[in-house]
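Undergrad: Submitted below is the structure of interest, expressed as structure tokens.
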Amino acid sequence: MTRREKWRHAFALGEDYKEVVTAEDEKLLDAFARAIVKRGMAAPALLWFISLRPMSFIGASIFQAAEFLFKDFALEIFIQKHLMPEFEHGAFVRAVEKRRGFDRLIELIEQHEAASQEEMRQARMERKRKRQEKG
């Protein structure tokens with residue numbers, strides 16, 4: 001990528017730069033969203049990600065520039081150990097630096113949280129039904 005293309009990419013708006021969330025990005029974002037919801041952290045994660053949405057590209061760029069700090073750093077080790085064993089710093093940065101990728105992560109967290117809430121509601125209804133049958 002030439003310097004001119006990099007600058008064009010950095011300041012692209014609207015249709016100037018068409019971002020595509022690849023299947024690989026989707027898989028990574030889905031796994032990350034599932035891990036967040038599984039641990040009951042959807043609400044704080046959504047608050048965090050939605051508040052950072054306007055700066056997603058800048059934040060991802062800083063995260064990528066500081067990759068040498070995060071390699072084998074406590075944050076990456078924590079994510080790999082507790083959230084996603086397959087977490088790869090570079091792939092995650094590439095996925096969230098795209099506005100559509102960042103938005104997709106938010107959508108996936110919301111979808112998985114809604115599904116989780118529905119499962120919990122169904123389980124409560126089933127327990128209630130069983131109690132009523134006993135009593």
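None of the figures in this text is laboratory data; all of them are computed from the coordinates on show. Just so you know, these numbers come straight off a predicted model, no measurement behind them. Here Cβ is always computed from backbone atoms with ideal geometry, including for glycine, and neighbour counts include all displayed protein chains.
Undergrad: Go through the stretch 33-42 residue by residue and turn each phi into a ³J(HN,Hα) via Karplus (6.51, -1.76, 1.60, θ = phi - 60°); whole Hz please, and just put x for glycine and proline.
TA: These are the phi-based 3J(HN,Hα) values: 5, 4, 5, 5, 5, 4, 8, x, 10, 5 Hz.
Undergrad: Highest mean first, what order results for 22-35, 91-104 on Cβ atoms within 10 Å? All intermediate terms of the calculation are to be shown ahead of the outcome.
TA: Working: 22-35: 17.1, 91-104: 19.6.
Going by the mean number of other Cβ atoms within 10 Å, highest first, we get 91-104, 22-35.
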